[in-house]
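Only one structure is covered here, and it is reproduced in the block below.
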Amino acid sequence: MENGTVYNETTEPQAKPPRRRSFGCTLRHLPGWRLPAKAVQAIFSFMAVTCEEIVEDCSNCGGLYFFEFTSCSAFFLTLLILCVYCTDVYETLGEDKVEKL
């Protein structure tokens, strides 16, 4: 008992977690035509927001405000989709949670 054979280590050394790149960019979650389509959607929605801000005077602004709301929402949601699918957030959250969102 005094030679140390009875008291062996009971836990295994922990393996180091795989090293991640900070804000790593990957394109494998938006294959084929989906990435260019989302990029074009972001560009067009940003152009719509910009063109709406150019209007200085209107007589019936309800439609213009609705257009501003929808184009701004489309722009921010498209940026969110691009950030989730093109960075490590997709792997961090997991596919099932991203699909629920």
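Among the numbered conditions (1) at pLDDT 65 or above; (2) closer than 28 Å to Tyr85 by Cα; (3) not charged (D, E, K, R), the only one that Phe23 does not meet is (1). Before we move on, is Ser59 exposed (fewer than 10 other Cβ atoms within 10 Å of the Cβ), at negative phi and hydroxyl-bearing (Ser, Thr, Tyr)? Yes: the conditions hold for Ser59.
Okay, residues lined up against (1) touching a strand residue (DSSP E or B) at 6+ places or on another chain (Cβ under 8 Å); (2) open to solvent by less than 90 Å² (accessible area, probe 1.4 Å); (3) hydrophobic (A, V, I, L, M, F, W, C):
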site: Cys72; (1), (2), (3): no, yes, yes
site: Phe76; (1), (2), (3): no, no, yes
site: Cys86; (1), (2), (3): yes, yes, yes
site: Glu91; (1), (2), (3): no, yes, no
site: Asp96; (1), (2), (3): no, no, no
site: Leu101; (1), (2), (3): no, no, yes
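Being surrounded by fewer than 11 Cβ atoms within 10 Å (Cβ to Cβ) and modelled with pLDDT of 80 or more is a property that does not hold for Lys16. On the stretch given as the stretch 48-100, residues that are without any contact (Cβ under 8 Å) to a residue 12 or more places away in the chain and within 23 Å of Leu30 (Cα to Cα) total 15.
Can you say whether Ser45 is more than 18 Å from the chain's Cα centre (by Cα), surrounded by 13 or more Cβ atoms within 10 Å (Cβ to Cβ) and modelled with pLDDT of 85 or more, as far as the supplied structure shows? When the stated conditions are applied, Ser45 does not pass them.
The values are calculated or read from the model by the stated rules, or taken from the named source; none is laboratory data. Here the structure is a predicted model, which means the values were calculated and not measured. Please note: Cβ atoms are built from the backbone with ideal geometry, for glycine as well, and neighbour counts cover all protein chains shown. Note: accessible area is taken over every heavy atom of the protein model, side chains too, but ligands, DNA and RNA are not part of it. Shrake-Rupley method; radii C 1.70, N 1.55, O 1.52, S 1.80 Å.
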